[in-house]
Amino acid sequence: MRMSLEEQVRAAVAALLHAAGESQTTLAAALGVSQAQVSRRQAGAAAWSLADCEAVAAHFGIDTLDLLAGPTAATQSLPAERRRPVARPARRTRTAPVREESGR
């Protein structure tokens, strides 16, 4: 089943927030709205307007059409400098197996 345009926008905004390592609060400040307003839009209780979509796209440095195309297109077009650094897993050091000594 295909997502509606509203669902695609919400998914794209969520993916961009994650990829950029930003919070709804940060996005809200950039858009000049409250975090609660962003939360309502992301929950589907309110809609993202076309003007909102343009502002979100400009904030992330992507084209509005990429935002409207959904999360894959939106995150693929996110400039490298806007992406959060990828945390590398800590290197494991190999240890020798512990031998149990018998009491014989």
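The values are calculated or read from the model by the stated rules, or taken from the named source; none is laboratory data. In this text, all values refer to a predicted model and were calculated from it rather than measured experimentally. Methodologically, a virtual Cβ is constructed for each residue, glycine included, from the backbone with ideal geometry; neighbour enumeration extends over all protein chains shown. Just so you know, the surface numbers come from the protein's heavy atoms only, side chains and all, with ligands and any DNA or RNA stripped out. Shrake-Rupley method; radii C 1.70, N 1.55, O 1.52, S 1.80 Å.
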Checklist entry - So, of the residues in the stretch 1-29 that are in a loop (DSSP other than H, G, I, E, B) and of a type outside the set (Lys, Arg), which turns out to be surrounded by the most Cβ atoms within 10 Å (Cβ to Cβ)? => result Glu22
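Let's see how each residue does on (1) outside any helix (DSSP H, G or I); (2) at pLDDT below 90; (3) surrounded by 10 or more Cβ atoms within 10 Å (Cβ to Cβ):
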position: Leu67; (1), (2), (3): no, no, yes
position: Thr72; (1), (2), (3): no, no, yes
position: Leu78; (1), (2), (3): yes, no, yes
position: Glu81; (1), (2), (3): no, no, no
position: Pro85; (1), (2), (3): yes, yes, no
position: Ala90; (1), (2), (3): yes, yes, no
position: Arg94; (1), (2), (3): yes, yes, no
position: Pro97; (1), (2), (3): yes, yes, no
position: Ser102; (1), (2), (3): yes, yes, no
Checklist entry - When only residues in the stretch 40-62 that are within 16 Å of the chain's Cα centre (by Cα) and closer than 20 Å to Met3 by Cβ count, which is most open to solvent (accessible area, probe 1.4 Å)? => result Ala43
